Amino acid sequence: MRRLITYVSRISDQGYMRGVLAAALGLSMASSLYAAEITVSENSFSCIRNWTKVRNTYITHSDPEKLKEAVRIFKSSVPDKEYPVGTFLQLLPDEAMVKHSRQTFPETHGWEFFHLELSAQGTKIRTRGANVENFEGEKCFTCHQPAVKYDFVCEKGHGCAPVPLDDQKIAELQAADPRCPKN
């Protein structure tokens with residue numbers, strides 16, 4: 001009988017330990033999910049030219065390894081691959097998109113759009129969210145929806161309507177960012 005009690009006790013202890021391990025694993029996964037959340041404020045934006053430029057777009061991320069991954073995805077137009085949470089993308093200095101977790105903005109796969117007001121003193125956020133309007137008065141996400149295969153990031157060949165500015169005009173607007181030091 002004593003052996004049976006010892007055996008049952010061991011099984012119970014193992015079951016208890018499995019439960020503890022399962023709970024710890026669940027908490028670990030949940031905390032990593034929430035750790036991936038980012039906070040975006042006006043201080044998150046600075047001179048566009050301080051970021052990494054790929055073709056016409058500027059990219060940044062606070063984590064150098066995740067920045068490398070974001071640049072690789074963008075540079076190679078990798079389909080069916082999501083950008084790392086915390087990725088910032090800007091074509092025009094007064095418009096931006098920032099990657100959050102999918103849960104934060106489910107309809108845009110985590111992308112939050114920004115319309116910014118710029119001055120030599122810094123950046124003010126005019127509007128932000130999933131329904132922000134671009135410089136043409138269109139909802140940003142409406143234009144980005146055709147690029148679903150590219151995590152809603154527009155570039156030539158991603159299915160988005162072209163921006164009605166040529167490369168020279170885009171470069172002029174980027175060079176005129178008032179947050180950047182004058183050369």
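Here is a yes/no grid of residues against (1) free of Cβ contacts under 8 Å to residues at least 40 places away in the same chain; (2) outside any loop (DSSP other than H, G, I, E, B); (3) within 18 Å of GLU155 (Cα to Cα):
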residue	(1), (2), (3)
LEU89	no, yes, yes
LEU92	no, no, yes
ARG102	yes, no, no
GLU112	no, yes, yes
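State all residues of the stretch 19-43 that are part of a helix (DSSP H, G or I) and at pLDDT 50 or above; if no residue qualifies, say none.
Scanning the stretch 19-43 gives GLU42, ASN43.
Determine which single condition GLU107 fails, assuming it passes every other condition in (1) assigned to a helix (DSSP H, G or I); (2) among the acidic types (Asp, Glu); (3) surrounded by 17 or more Cβ atoms within 10 Å (Cβ to Cβ).
Condition (3) is where GLU107 drops out.
State yes or no: is GLU155 over 20 Å from VAL71 (Cβ atoms) and assigned to a loop (DSSP other than H, G, I, E, B)?
Answer is no for this residue.
Quick one: which residue in SER62, SER46 is part of a loop (DSSP other than H, G, I, E, B) and more than 20 Å from ARG126 (Cα to Cα)?
SER62
Say whether the condition of being of a type in the set (Val, Ile, Thr), part of a loop (DSSP other than H, G, I, E, B), over 19 Å from HIS61 (Cα atoms) and over 18 Å from the mean Cα position of the chain (by Cα) is met by at least one residue in the stretch 129-148.
The answer is no, given that none of the residues of the stretch 129-148 is of a type in the set (Val, Ile, Thr), part of a loop (DSSP other than H, G, I, E, B), over 19 Å from HIS61 (Cα atoms) and over 18 Å from the mean Cα position of the chain (by Cα).
Provide a single number: the residues in the stretch 124-147 that are exposed (fewer than 15 other Cβ atoms within 10 Å of the Cβ), hydrophobic (A, V, I, L, M, F, W, C) and within 23 Å of VAL71 (Cβ to Cβ).
So the count comes out to 0.
Which residue is farthest from the chain's Cα centre (by Cα), if the candidates are limited to the stretch 65-87 and must be farther than 16 Å from GLU155 by Cβ and assigned to a loop (DSSP other than H, G, I, E, B)?
Step by step, filter the stretch 65-87, then rank; the result is PRO84.
Can you name every residue in the stretch 43-71 that is of a type in the set (A, V, I, L, M), touching a helix residue (DSSP H, G or I) at 6+ places or on another chain (Cβ under 8 Å) and free of Cβ contacts under 8 Å to residues at least 24 places away in the same chain?
Selection gives VAL54 alone.
So which of PRO164, PRO181 ends up being modelled with pLDDT under 95 and not assigned by TED's automatic domain parsing to the domain that holds ASN50?
That would be PRO181, the only listed residue that is modelled with pLDDT under 95 and not assigned by TED's automatic domain parsing to the domain that holds ASN50.
Listed residues LYS124, LYS81; which is at pLDDT 95 or above and over 29 Å from GLN168 (Cα atoms)?
Going through LYS124, LYS81 in turn, the sole match is LYS81.
The values are calculated or read from the model by the stated rules, or taken from the named source; none is laboratory data. Only a predicted model underlies this, so the values are computations on that prediction, with no experimental measurement involved. All Cβ positions, glycine included, derive from the backbone under ideal geometry; neighbour counts span all protein chains shown.
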